[in-house]
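Asks: Got a structure for you, written out below as structure tokens; questions coming shortly.
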């Protein structure tokens, strides 16, 4: 197995790190809000999952749009609806299968069970998020590396 370069790890941290920070805050905030509102445990798990996803993918799409606009501007070209479609398609290819499994099965299940097993909502939500991230990033990074030169060049 080939070693992963430090430059690649830094690239992944630059790409995913800020989105993860926002996602963590949104996940914890939604779980706390759902708990405070008296939602059942399954409601808390779903609220935390979807709030984290919205923050994560909203940030990444915003970053991709911004970088694409900058690249096109230097070429004297405009950002169009078709360009937005390409940005969205690149995200779907990058996250595709990993996101479907993560959002519909792995993350909600962990966000439901770990707070119960650990007898602590904050600790359980944090542990669930970290555990789900491991199963999420392996296929995501592979897809990103395979598609970044083909789908992110404008």
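The values are calculated or read from the model by the stated rules, or taken from the named source; none is laboratory data. Just so we're clear, the structure is a prediction, and the values are computed from it rather than from any experiment. For neighbour counting, all protein chains shown are included, and Cβ atoms are generated from backbone atoms with ideal geometry for every residue, glycine included.
Asks: In this structure, is residue 54 in a helix (DSSP H, G or I) and at pLDDT 95 or above?
Replies: Values: in a helix (DSSP H, G or I): yes; at pLDDT 95 or above: yes.
So residue 54 passes the test.
Asks: Does at least one position in region 13-21 carry a residue that is closer than 16 Å to residue 128 by Cα and touching a residue at least 12 places away in the same chain (Cβ under 8 Å)?
Replies: Initially, region 13-21 is screened for residues closer than 16 Å to residue 128 by Cα, giving 20-21.
From what's left, touching a residue at least 12 places away in the same chain (Cβ under 8 Å): 20.
Yes, some residue in region 13-21 is closer than 16 Å to residue 128 by Cα and touching a residue at least 12 places away in the same chain (Cβ under 8 Å).
Asks: Condition test on residue 78, is it outside any helix (DSSP H, G or I), without any contact (Cβ under 8 Å) to a residue 24 or more places away in the chain and out of contact with any strand residue (DSSP E or B) (no Cβ under 6 Å at 6 or more places or on another chain)? Give the derivation first.
Replies: Numbers: outside any helix (DSSP H, G or I): yes; without any contact (Cβ under 8 Å) to a residue 24 or more places away in the chain: yes; out of contact with any strand residue (DSSP E or B) (no Cβ under 6 Å at 6 or more places or on another chain): yes.
When the stated conditions are applied, residue 78 passes them.
Asks: Please determine whether any residue of region 120-141 is closer than 18 Å to residue 27 by Cα and part of a loop (DSSP other than H, G, I, E, B).
Replies: Among the residues of region 120-141, at least one is closer than 18 Å to residue 27 by Cα and part of a loop (DSSP other than H, G, I, E, B), which makes the answer yes.
Asks: Out of all the residues in region 5-26, is one or more over 24 Å from residue 142 (Cα atoms) and part of a helix (DSSP H, G or I)? Give the steps one after another, and end with the answer.
Replies: First, the residues of region 5-26 that are over 24 Å from residue 142 (Cα atoms): 25-26.
Among the residues that remain, those that are also part of a helix (DSSP H, G or I) are: 25-26.
Checking region 5-26: at least one residue is over 24 Å from residue 142 (Cα atoms) and part of a helix (DSSP H, G or I).
Asks: Just one of (1) touching a residue at least 12 places away in the same chain (Cβ under 8 Å); (2) surrounded by fewer than 18 Cβ atoms within 10 Å (Cβ to Cβ) trips up residue 5, so point out which.
Replies: (1)
Asks: Here's a check for you: in region 94-107, which residue that is surrounded by fewer than 16 Cβ atoms within 10 Å (Cβ to Cβ) and touching a helix residue (DSSP H, G or I) at 6+ places or on another chain (Cβ under 8 Å) is farthest from residue 60 (Cα to Cα)? Write out each step before concluding.
Replies: Restricting attention to region 94-107, the residues satisfying the condition of being surrounded by fewer than 16 Cβ atoms within 10 Å (Cβ to Cβ) are 96-97, 100-101, 104-105.
Filter once more, keeping what is touching a helix residue (DSSP H, G or I) at 6+ places or on another chain (Cβ under 8 Å): 96-97, 101.
Values: 96: 14, 97: 17, 101: 19 Å.
Residue satisfying both the conditions and the ranking: 101.
Asks: Still on this structure, I have one more. Give region 111-127 a look and list any residue that's in contact (Cβ under 8 Å) with a residue 24 or more places away in the chain and crowded, with 22+ Cβ neighbours inside 10 Å, or say none. Give the derivation first.
Replies: Initially, region 111-127 is screened for residues in contact (Cβ under 8 Å) with a residue 24 or more places away in the chain, giving 111-112, 115-116, 121-122, 125-126.
Listed by number, the residues that qualify are 111, 115, 125.
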